[in-house]
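**Q** Structure below; questions to follow.
The values are calculated or read from the model by the stated rules, or taken from the named source; none is laboratory data. Owing to the predicted nature of the structure, the values given are computational and were not obtained by experimental measurement. Because the Cβ atoms are built from the backbone with ideal geometry, glycine has one as well, and the counts that use them run over all protein chains shown. Side chains are part of the model used for accessible areas, which takes the heavy atoms of the whole protein and leaves out ligands, DNA and RNA. Shrake-Rupley method; radii C 1.70, N 1.55, O 1.52, S 1.80 Å.
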Amino acid sequence: MDGNSQHFGTLLRRRRLKAGLTQEDLASRTGLSVRAISDMERGITSRPHSHSIATLADALGLDESGSVELAMASRPRGRTPGAPLGARPRETQVQPPGRRVPRQLPHRLASFVGRDAELNTLTGLLDRLDDRPGAVVISAIGGTAGVGKTALAVQWAHQVADRFGDGQLYINLRGFDPSGSKLEPADAIRAFLDALGVAADAVPAQADAQAGLYRSLLAGKRMLVVLDNARDTDQVRALLPGSAGCLALITSRDQLTGLAVTDGAHQMTLDVLSQAEARALLNSRLGSERASREPAAVDQLTELSARLPLALSIAAARANASAAHPLEWLVTQLRDIRDRLDGLDAGEPAASVRAAFSWSYRQLSPPAARLFLLLGLHAGPDVTAGAAASMAGLAEQQARTLLAELSRAFLLSEHVPGRYACHDLLRIYAGEQARGQLGQADRLAGLHRMHDHYLHTGYAAAMLLNPSRTPIALPPPQPLVRPESVTTRAAAMAWFEAEYQVLRNVIAAAADPASEASSDRHAWQIPWTLVNFSDRRGRWDELAALQRTALTAAKRLADPVGQSRAHLNIGTASIRMGRYDDALRHLHRSLRLFTEIGDHVSQGHNLLAIAEVLARQEEPGRVLEFAERALALFRATDQEAGQAFALNTMGLAHLQLGHDRDSLTCAGQALEIHRRLDNPFGKAESWECLGRTRMHMGEHAAAIDCYRQSLRLVRELGDRYNQAWVLERLGDAHQASGDRDEAASAWRQALVILDDLHHLDGGRVRVKLQQARA
């Protein structure tokens, strides 16, 4: 032990105590052992390594002069080794240690566009770091493959690089890499130590000591650390800075929820580009002159590429490689779903949408991978946990767990609570993989369970909306199908509202004879479940189209029940749209079929539908005839609800014939039956009939009361067209009673609904409003 080592040890101890640190604290900050610190302070270690001195200086927070003093104290005194005896020691020039400033950011994309909100959010996090100097800020950018996570991180890092004067570290962790081999945290730390100027022989042997040294070198620094393409939380935790002034920016195809929970990381999920951003990216890649020549083709390319930056870039590269061809040529190639992923492949893994998706898919657990493949066969655009459970033959809680795994991997997103979706390219990829990896029997079983899930849930919901409706016979659902629980009318309307587009897609696939999902029985029965919902929402064009699909499917099956129901439903939709000739043509066909199969209850409803057409054509005598025939059928089959509807129709016929008292009697009897059966739609119809009769009798106050009762019920049912119908008549009653303001208010409300439904009745209401203003 020489005097120099004692001098260094004394200085080190004095500096440590001045900083208020124990030997254990200093060891933790530097990554050195407590024994090493103790040996240096006691002078046992005579020649500490220069890098250890630099690390100690940083950990103690020494300024440049303090760092030089500590380094000088470690130098040997006396003659310089190799000098002659008696020679004067030469002076040694000491430079402040550890001053390398890393600048590791990759180049940013010249074609980077958009993402203004995300860039502003990241800058806001940096501002928070400035406002809270004691904090370490961690931000995790998540998103699906090819969505532009790295491009965003690098773009922002370059924008704010000047605010990190001590440097920027960057590393690709290869969490989702074609090789399947992620970078180990220890390897990443060694790479960072090298970037920070640590000599190879100064790197501690133990991984924990290396991590401690890495954190020590960042202590007191203003450093940006970009950890790109992380597999999971465990891979990045050791790489996070441990002291104030640093910001860690992480990208991953995993949500990294653990970092948010334990480290307070700010999570940002990156979605596909907006239409405007996607168009701007293509303009940048293609050149604005070429893009402006074919704006429609540019818009189609953005949609065919699902507005995914990777796909858009590949599409642009292919277009540029074939500059002599119009963009429409590429659009035509990509339009075929079966070839789209081939068209978005530039020939190498980093420029292939299919390859990019595969790196995420390979990380899934086997049960999650199977569910992902089955969802590739789902009709879309989204799915609930219940539907996913039925399709995969799982308990709902199991399905929720797997959906959460798929969401963490950004292969799905829970875009609204309880509903999961993915963009079109991921759906195509999942379907492609399903056809390649699942056997045909497994695929068909999953599709059959999907159909049964929607059919049986929809059937229960439809019967809640209209309990008096003549049911259809359904075979039991496939084993492991778990229809969703729908127990109230409000829940039934909400279920149909949420699943409407899904049901339309399921019907279209089931009705396609060339589709693996083809099922003619489901193609007519699922549309049957939608009738009352579509009618109350005023979606008559769509209702008629779906019922025509049902009719075609029932004809292929030679199923007279399916054909008769479809004809009746097309007729009903045609009445609502004022297409009375079409309505009568279909209603007479359905009546003939119901008669042939002996379905007397459906015959009765069919007769009432014909009577409704005749009422609109102002043929009250024939209306009464058809309604009385229907009443006889309902009485013969003991159908009370049908009897009430027939009585109400008779009441309307009597009203048109001028038989006011008979009208009141029939409508009143109908109302009593509907009350006993608790049929809100029937009660609303009866109140409306009573209101019209009272109005005809000049009893305006009584008419207003009846209409209000009817209006309350149809609003509760969500029946928009009948709301407008009753509001118009309520306005008529107010006008007749002399209350023009209330009349105009009711008509305006009716007109809003009718215009929204694009219904011809809006013209009649508009005339009433104009006359009221005049």
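**Q** Which angle between 0 and 90 degrees, to the nearest 10, do you get for helix 640-657 versus the longest principal axis of the chain when only C-alpha atoms count?
**A** So the inclination is approximately 60 degrees.
**Q** Which one is right for this structure if Cα Rg over 2.2 N^0.38 Å is calculated from it: (1) 1.43; (2) 1.38; (3) 0.96?
**A** From the options (1) 1.43; (2) 1.38; (3) 0.96, the structure gives (2).
**Q** Give me the one-decimal nm value for the distance between modelled label points at R740 and D345, 7 Å along each residue's Cα-to-Cβ direction.
**A** Placing both labels 7 Å beyond Cα along the Cβ direction yields 7.4 nm.
**Q** Another one. What residues qualify as long-range amide H neighbours of R174, i.e. H under 5 Å apart, gap of 5 or more or another chain, H built at 1.01 Å from N?
**A** It is L183, by chain and number.
**Q** Let me ask you something else. Positive end of the dipole of the chain, charges at C-beta (+1 Lys, Arg; -1 Asp, Glu), about the Cα centre: which of L464, Q669, A346 has its Cα farthest in that direction?
**A** A346
**Q** First compute the accessible area of the stretch 639-699 with a 1.4 Å probe, then give the percent of it belonging to carbon and sulfur atoms.
**A** 47
**Q** With a 1.4 Å probe and every protein chain kept in, tell me what percent of the accessible surface of the stretch 104-240 is carbon plus sulfur.
**A** 47
**Q** For R435 and A494, calculate 0.36 nm times their separation in residues minus their Cα-Cα distance, and state this gained length in nm to one decimal.
**A** Contour length minus the Cα-Cα distance gives 17.9 nm.
**Q** If you don't mind, there's one more thing I want to ask. Whole number in Å², please: accessible area per residue of the chain, 1.4 Å probe, ligands, DNA and RNA not counted.
**A** 43
**Q** Once fully extended, how much extra length lies between L677 and D201, figured as 0.36 nm per residue of separation less the alpha-carbon to alpha-carbon distance?
**A** 162.4 nm
**Q** Something else: Classify the stretch 516-626 as rounded, prolate or oblate, taking a ≥ b ≥ c as the square roots of the eigenvalues of its Cα gyration tensor: rounded when a/c is under 1.5, otherwise prolate if a/b is larger than b/c and oblate if not.
**A** The shape class here is oblate.
**Q** Quick one: what are the phi-derived ³J(HN,Hα) couplings along the stretch 745-755, Karplus 6.51/-1.76/1.60 with θ = phi - 60°, whole Hz, x for glycine and proline?
**A** Karplus values, whole Hz, x for Gly and Pro: 4, 5, 5, 4, 4, 5, 5, 4, 5, 5, 5.
**Q** Convert each backbone phi in the stretch 404-421 into a coupling constant with the Karplus relation 6.51 cos²θ - 1.76 cosθ + 1.60 (shift: θ = phi - 60°), then list the ³J(HN,Hα) values in order as whole Hz, x for Gly and Pro.
**A** With the stated coefficients, the stretch 404-421 comes to 5, 5, 5, 5, 4, 7, 6, 8, 9, 9, 8, 6, 9, x, x, 10, 10, 8 Hz.
**Q** Could I ask something else about it? Counting Lys and Arg as +1 and Asp and Glu as -1, each charge on the Cβ, what is the dipole of the chain about the Cα centre in debye, to the nearest 20?
**A** 1940
**Q** Oh, and also: Which order do the peptides 307-317, 200-210 take when ranked by the mean count of other beta-carbon atoms within 10 Å per residue, highest first?
**A** Output ranking for 307-317, 200-210: 307-317, 200-210.
**Q** Please list, by residue number, every one of the GluC sites (Glu not before Pro) in the stretch 530-619 that is coil in DSSP and has at most 14 other beta-carbon atoms within 10 Å.
**A** Hits after loop and neighbour filter: E618.
**Q** Continuing with the same structure: Would you compute, from DSSP H runs of 4+ residues alone, the mean residue ellipticity of the chain at 222 nm, taking -39500 (n - 2.57) per run and dividing by the full residue count, rounded to the nearest 500?
**A** Here the helix-only value at 222 nm equals -20500 deg cm²/dmol.
**Q** Can you tell which of L371, C422, L282 lies farthest toward the positive end of the dipole of the stretch 282-422, using +1 and -1 charges on the Cβ of basic and acidic side chains (Lys, Arg; Asp, Glu)?
**A** L371
**Q** Using 0.36 nm per residue, how much length does the chain from D208 to D271 gain when fully extended, once their Cα-Cα distance is taken away?
**A** 19.0 nm
**Q** Then there's this: Counting only residues 5 or more places away or on other chains, whose amide H sits under 5 Å from the amide H of H266 once H atoms are built in the peptide plane?
**A** The answer is I138, S139, A140.
**Q** Let me ask something else about it. Please identify which residues in the stretch 176-220 have an amide N closer than 12 Å to a label point set 7 Å out from the Cα of V160, following the Cα→Cβ vector.
**A** none
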